[in-house]
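A.B. asks: Have a look at the structure that comes next, please.
No value in this document is a laboratory result; all are computed from the given coordinates. Keep in mind that this is a model prediction, so the values were computed, not measured. Here the Cβ positions follow ideal geometry from the backbone for every residue, glycine too, while neighbour counts run over all protein chains shown.
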Protein chains: 2
Amino acid sequence: MKAHSNLSLLGFAAVALVFVATVARAQDPLPSWNEGLAKKAIVAFVERVTKTASPDFVPPAERIATFDNDGTLWAEQPIYFQFLFALDRVKALAPQHPEWNEKEPFASLLKGDVKGALAGGERAMLEIVMTTHAGMTTAEFEQIVKDWIATAKHPKTGRLYTEMVYQPMLELLAYLRANGFKTFIVSGGGIEFMRPWTEKVYGIPPEQVVGSSIKTKYEMQGGKPVLVRLPELNFIDDKTGKPVGINSHIGRRPIAAFGNSDGDQQMLEWTQASGGARLMMLVHHDDAEREWAYGAESKIGTLSDALMAEAKKQGWVVISMKNDWKRIFPFDK
Amino acid sequence: MKAHSNLSLLGFAAVALVFVATVARAQDPLPSWNEGLAKKAIVAFVERVTKTASPDFVPPAERIATFDNDGTLWAEQPIYFQFLFALDRVKALAPQHPEWNEKEPFASLLKGDVKGALAGGERAMLEIVMTTHAGMTTAEFEQIVKDWIATAKHPKTGRLYTEMVYQPMLELLAYLRANGFKTFIVSGGGIEFMRPWTEKVYGIPPEQVVGSSIKTKYEMQGGKPVLVRLPELNFIDDKTGKPVGINSHIGRRPIAAFGNSDGDQQMLEWTQASGGARLMMLVHHDDAEREWAYGAESKIGTLSDALMAEAKKQGWVVISMKNDWKRIFPFDK
């Protein structure tokens with residue numbers, strides 16, 4: 001009997017230990033973040049603004065967090081994924097446009113010469129975007145995006161683009177929401193390019209997505225109302241446009257903002273200057289092995305030395321993908 | 001002892017009866033609505049889209065309801081309240097603008113001649129709006145609105161404007177939210193004129209307010225970032241603009257939409273045409289005694305015969321303020 005009791009006790013202890021370990025793991029809301037300054041800053045900030053007794057307490061309704069998308073929530077190399085979408089659309093539409101074989105920037109694009117196509121600068125870029133993003137209804141465009149995002153593969157990893165999202169940021173989004181935050185995307189990317197998939201992938205519903213846009217027009221087609229996408233820019237949600245977009249869509253100032261490039265500086269300034277406890281973070285792509293390493297010299301996702309210096313001066317936290325992230329993508333071991 | 005017991009029993013029964021009556025009242029989510037077709041349509045619709053077993057079930061995330069503001073959630077006579085705000089601002093700013101005494105539309109306005117001021121048509125109107133709504137930061141404008149809305153009184157009722165909201169619509173907003181709906185304002189009114197008070201008055205947070213807007217510009221003032229309101233129209237959220245604004249801000253189609261005038265027709269069309277169980281309603285101002293009676297002939301909140309005919313044809317429910325509403329304003333007995 002004694003032996004049996006001891007065995008039972010050992011068994012109980014073992015179960016208890018497993019239980020404690022499980023609870024401890026379950027209690028870490030950010031398991032893909034290494035212990036370090038970045039993780040500490042996040043947890044400390046959330047505790048400061050959510051504990052009722054804290055002098056920095058923020059009511060739930062005002063807990064607004066804004067996230068850039070390209071390079072902050074998902075990858076952006078070798079070029080913004082939306083541009084790869086546009087290239088695929090040019091190829092898909094080419095049979096209906098035999099004139100493109102002679103007309104730039106399409107002729108170069110169709111020969112696979114992206115650099116040649118972009119020699120036309122901003123005007124060439126705009127022409128590619130407008131040709132592929134306008135001229136259909138919003139419902140038709142949504143379906144085109146859904147079909148593409150469900151099947152197109154990244155040229156380097158062979159993965160779906162929606163698999164190339166950052167696991168630590170998914171955990172951060174969930175952690176903030178579990179603490180009463182409303183999470184928004186504020187991206188230079190096209191608002192209607194993101195909305196068809198952000199709810200499923202990030203848990204961010206369409207009404208919490210802010211982005212660049214072209215104009216739309218309400219009209220009747222066969223007795224049914226539609227919104228037609230016009231080849232006319234409406235809004236560029238980048239740099240100084242980000243605070244404008246935040247004000248227009250959200251109408252409150254964020255208390256936390258996350259970006260990775262020069263396009264995000266004004267969003268971080270705007271967040272910080274509202275006063276009170278604020279969290280501003282920049283993702284630094286410094287992991288050539290597991291992702292990409294780029295910064296000041298890159299045309300995609302430029303993180304200039306000036307912004308790095310500003311981050312240091314302002315106390316914005318720079319996240320090192322290499323050191324702060326245990327895992328980059330959900331498919332990483 | 002027996003008598004005492006009986007008394008206790010009677011006491012208990014009385015308490016129980018009060019309790020039952022209270023629960024019955026508490027269970028009617030729309031106590032200011034008379035029993036009738038409008039109330040029936042609302043309750044039947046909510047049950048259709050929220051009961052899991054219903055073939056018309058709509059997941060909570062897609063339960064979007066949009067409300068016009070002027071004439072739908074609050075009154076709009078003798079003229080849109082935002083215009084009365086602009087008039088008060090002209091008076092407040094006049095001492096800094098001696099030139100207005102000679103300059104239309106301000107000269108007429110300052111003499112109390114609104115009709116004369118508006119003789120200049122749309123251009124005069126635009127000048128009044130731009131002069132009073134632009135040229136300051138968004139934070140400054142918010143404060144101006146807050147100060148005005150907290151003190152200004154309606155010329156006829158002597159009430160605060162935020163008291164002149166419709167009690168039945170407040171109940172409807174709460175009822176929809178209790179059933180998992182997200183409620184939005186989609187108004188021709190200025191987005192930044194509404195946001196400072198809609199959360200407190202309607203329970204609708206700033207990020208769920210869609211409205212007309214002027215452009216803003218991000219800049220540094222004394223080392224602090226601000227958004228300056230520019231005298232340049234950005235977006236008119238009326239008529240065909242309403243579906244455009246809904247698409248831009250919400251990115252989903254409403255399943256219920258509430259308006260009161262020709263400016264709301266396209267919002268109702270857009271809601272209905274998305275298919276499935278949908279609820280479209282128009283508030284008809286037919287109660288000269290308790291509010292105002294106006295419609296086709298009114299310049300403010302025009303409800304044309306054509307829209308009335310369309311409502312009938314499409315099965316949109318027309319709410320008679322006179323017959324469907326037990327109480328109009330919260331201050332009514």
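A.B. asks: Over all distinct alpha-carbon pairs, what is the Kirkwood Rh of segment B:255-310 in angstrom?
C.D. replies: 11.9 Å
A.B. asks: Please work out the FRET efficiency for the pair residue A:40 and residue A:305, using the Cβ-Cβ distance as r and a Förster radius of 30 Å; give the result to the nearest 0.05.
C.D. replies: The value I calculate is 0.70.
A.B. asks: Please list the helices of chain B that count as membrane-span-like by this rule: a mean Kyte-Doolittle hydropathy of at least -1.0 together with Cα atoms stretching 30 Å or more along the helix axis, each helix being a complete DSSP H run.
C.D. replies: Helices passing the filter in chain B: B:2-27.
A.B. asks: Go ahead and set up a Gaussian network model of chain B, Cα springs under 10 Å, then flag whichever of B:192, B:289, B:207 fluctuates most.
C.D. replies: Per the Cα network of chain B with a 10 Å cutoff, B:289 tops the list.
A.B. asks: If you don't mind, another one. Using a Gaussian network model of chain A whose springs link C-alpha atoms within less than 10 Å, name the residue from A:220, A:280, A:130 with the highest mean-square fluctuation.
C.D. replies: A:220
A.B. asks: Output the pairs from B:217/B:242; A:51/B:146; A:91/A:322; B:312/B:333 with a Cα-Cα distance over 26 Å in this structure; if there are none, say none.
C.D. replies: A:51/B:146; A:91/A:322; B:312/B:333, as the Cα separations exceed 26 Å there.
A.B. asks: Rounded to whole Å, give me the distance from the Cα center of segment B:108-162 to that of segment A:67-127.
C.D. replies: One Cα centre to the other: 48 Å.
A.B. asks: For a paramagnetic label modelled at 7 Å from the Cα of residue A:160 toward its Cβ, which residues of segment A:307-333 fall within the zone defined by backbone nitrogen distances under 19 Å?
C.D. replies: Flagged as within label range: A:328-333.
A.B. asks: Given a Förster distance of 56 angstrom, what is the FRET efficiency for residue A:139 paired with residue B:107, based on the Cβ-Cβ distance and rounded to 0.05?
C.D. replies: FRET efficiency, residue A:139 to residue B:107: 0.65.
A.B. asks: While we're here: Distance from the Cα centre of segment A:24-66 to that of segment A:260-310, in angstrom?
C.D. replies: 20 Å
A.B. asks: To continue, here is another question. 7 Å from Cα along Cα→Cβ at both residue A:88 and residue B:331: what's the point-to-point distance in nm?
C.D. replies: A separation of 6.0 nm, rounded to one decimal place.
A.B. asks: Moving to a separate point now. Run through all the Cα pairs of the protein assembly as shown and give the fraction in each 10 Å bin from 0, expressed as whole percent.
C.D. replies: With a bin width of 10 Å, the distribution comes to 3, 13, 22, 23, 19, 12, 6, 2, 1, 0, 0.
A.B. asks: Would you mind giving the average projected area, over all directions, of the Cα convex hull of segment B:14-155 in nm² with one decimal?
C.D. replies: Mean orientational projected area (segment B:14-155, Cα hull): 15.3 nm².
A.B. asks: Next up: Kindly state, to the nearest 0.05, the FRET efficiency for residue B:54 paired with residue A:174, given R0 = 22 Å and r defined as their beta-carbon distance.
C.D. replies: 0.10
A.B. asks: Measuring label to label, 7 Å along Cα→Cβ, what does residue A:40 give against each other copy in nm, shortest first?
C.D. replies: For residue A:40, the inter-copy label distances come out at 6.8 nm.
A.B. asks: Among B:242, B:103, B:40, whose mean-square fluctuation peaks in a Gaussian network model of chain B (Cα, cutoff 10 Å)?
C.D. replies: Looking only at B:242, B:103, B:40, the largest GNM fluctuation is found for B:103.
A.B. asks: Let me ask you something else. Residues of A:205-218, mean number of Cβ from any other protein chain within 10 Å of their own Cβ, rounded to a whole number?
C.D. replies: Going residue by residue through A:205-218 and averaging, the value is 4.
A.B. asks: Mean 1/r over all different Cα pairs, inverted: what Kirkwood radius does chain B give, in Å?
C.D. replies: 21.9 Å
A.B. asks: Could you give the length gained by full extension between residue A:200 and residue A:288, i.e. 0.36 nm per residue of separation minus their alpha carbon distance, to one decimal place?
C.D. replies: Here the segment from residue A:200 to residue A:288 would lengthen by 28.8 nm.
A.B. asks: Let me ask something else. Summing -39500 (n - 2.57) over the DSSP H runs of n ≥ 4 in chain A and dividing by its residue number, what mean residue ellipticity at 222 nm do you reach, to the nearest 500 deg cm²/dmol?
C.D. replies: So the calculated ellipticity at 222 nm is -13000 deg cm²/dmol.
A.B. asks: Return P(r) of segment A:131-175 (all Cα-Cα pairs; 5 Å bins starting at 0; whole %; ordered from short to long distances).
C.D. replies: Percent of Cα pairs in each bin: 5, 19, 17, 15, 18, 17, 8, 2.
A.B. asks: Using a Cα-Cα cut-off of under 19 Å, which lysines could be cross-linked to residue A:299, ignoring same-chain neighbours fewer than 8 residues away?
C.D. replies: Output for residue A:299: A:115, A:156, A:239.
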